[in-house]
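Below is one structure, written out as structure tokens; comments come after it.
The values are calculated or read from the model by the stated rules, or taken from the named source; none is laboratory data. Note that the structure is predicted; figures quoted are calculated from it, not measured. Don't worry about glycine lacking a Cβ; one is built from the backbone with ideal geometry, like all the others, and counts go over all protein chains shown. Surface areas here come from the heavy atoms of the whole protein model, side chains and all, with no ligands, DNA or RNA. Shrake-Rupley method; radii C 1.70, N 1.55, O 1.52, S 1.80 Å.
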Amino acid sequence: MAETKPTHSVPSNLKNRLAESYDAIAPVYNNWTSGHSALRTDFLNRLLDLIPSPDPVNSQPALLHALELGCGAGVPITSTLLSSPRGIPFHVTANDLSSSQLALAKESLGTDDMKVKWVEGDMMALSFPDESFDVIIALYSLIHLPREEQTEMMRRVCRWLKVGGLVLVNFGAEESEGSEIENWLGGWMYWSGWGAEKSLAVVAEVGLKVVRGEVTPEDGVDASFLWVVGKKTE
């Protein structure tokens, strides 16, 4: 694997290059990342712990609307939400840059518009009315945006969340103006980040209460990530 190189400018055609890379490495990436599904599921469960359980007397619990930014092939987050975890029904809007990953997600999870809407493209191009979602999740996806876009995306996340809505997101724990690698699992890749302290400050500054924020190392990965569960309180 090639060495990670810092870069002080955003690479040209960044989003197209990321999409092409994830298209090319989709099977390899999905096999590699399956080893990290337990950590994603653990933090998803922490978010679900904050959602009141449906009233057992009510035979039709309220449908919650979720947005996943960077859904990949839909495992494990989209698939879990579509399974009505803990009896909570979700409709999921699932976004990803990679057409190959979305094709795999559609193949395994279906295309029923009543359950899921697949949206291909740059998350920065998305537009939704304010207070559209009860839950927004972005795991290992904002880290591919330039740092200024990460801040702007968190502002949009706060606007798109309903009052009382929850967000689960992770950021690089180390500050990086930008880094790229020529051969990451066989494809080109880019990351950036404000670091744990500034990222927590960004979450709070955009109007989200940090319910949980912790830096967690990962097995088999030479990096640590800040995991944040946040809530829109007003």
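Taking the range 32-62 as the range and being assigned to a helix (DSSP H, G or I) and under 19 Å from residue 232 (Cα atoms) as the test, the residues that pass are 43, 44, 45, 46, 47, 48. What about residue 115, is it over 24 Å from residue 161 (Cα atoms) and among the basic types (Lys, Arg)? In short, no.
Here 206, 167, 210 are screened, and the one residue that is in contact with a helix residue (DSSP H, G or I) (Cβ under 7 Å, 6 or more places away or on another chain), among the hydrophobic types (A, V, I, L, M, F, W, C) and buried (at least 20 other Cβ atoms within 10 Å of the Cβ) is 167.
To keep it simple, each residue is scored yes or no on (1) buried (at least 17 other Cβ atoms within 10 Å of the Cβ); (2) within 14 Å of the chain's Cα centre (by Cα); (3) farther than 16 Å from residue 166 by Cβ.
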site	(1), (2), (3)
35	no, no, yes
45	no, no, no
53	no, no, no
62	no, no, no
69	yes, yes, no
76	yes, yes, yes
86	no, no, no
92	yes, yes, no
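Every condition in (1) within 16 Å of the chain's Cα centre (by Cα); (2) farther than 21 Å from residue 23 by Cβ holds for residue 139 except the one numbered (2). When the range 171-188 is limited to residues that are among the aliphatic types (A, V, I, L, M) and either under 17 Å from the mean Cα position of the chain (by Cα) or open to solvent by 30 Å² or more (accessible area, probe 1.4 Å) (or both), the one that is nearest to residue 27 (Cα to Cα) turns out to be 185. Figure legend. Inter-residue proximity from the range 32-51: first residues more than 16 Å from residue 214 (Cα to Cα) and among the small types (Gly, Ala, Ser), second residues at pLDDT below 95 and surrounded by fewer than 16 Cβ atoms within 10 Å (Cβ to Cβ), beta-carbon distance below 7 Å, spacing 6+ or different chains. Indicated pairs: 35/220.
For the range 64-83, the set of residues classified as in contact with a strand residue (DSSP E or B) (Cβ under 7 Å, 6 or more places away or on another chain) and either more than 15 Å from residue 102 (Cα to Cα) or of a type in the set (D, E, K, R) (or both) consists of 64, 65, 66, 68, 81, 82, listed by residue number.
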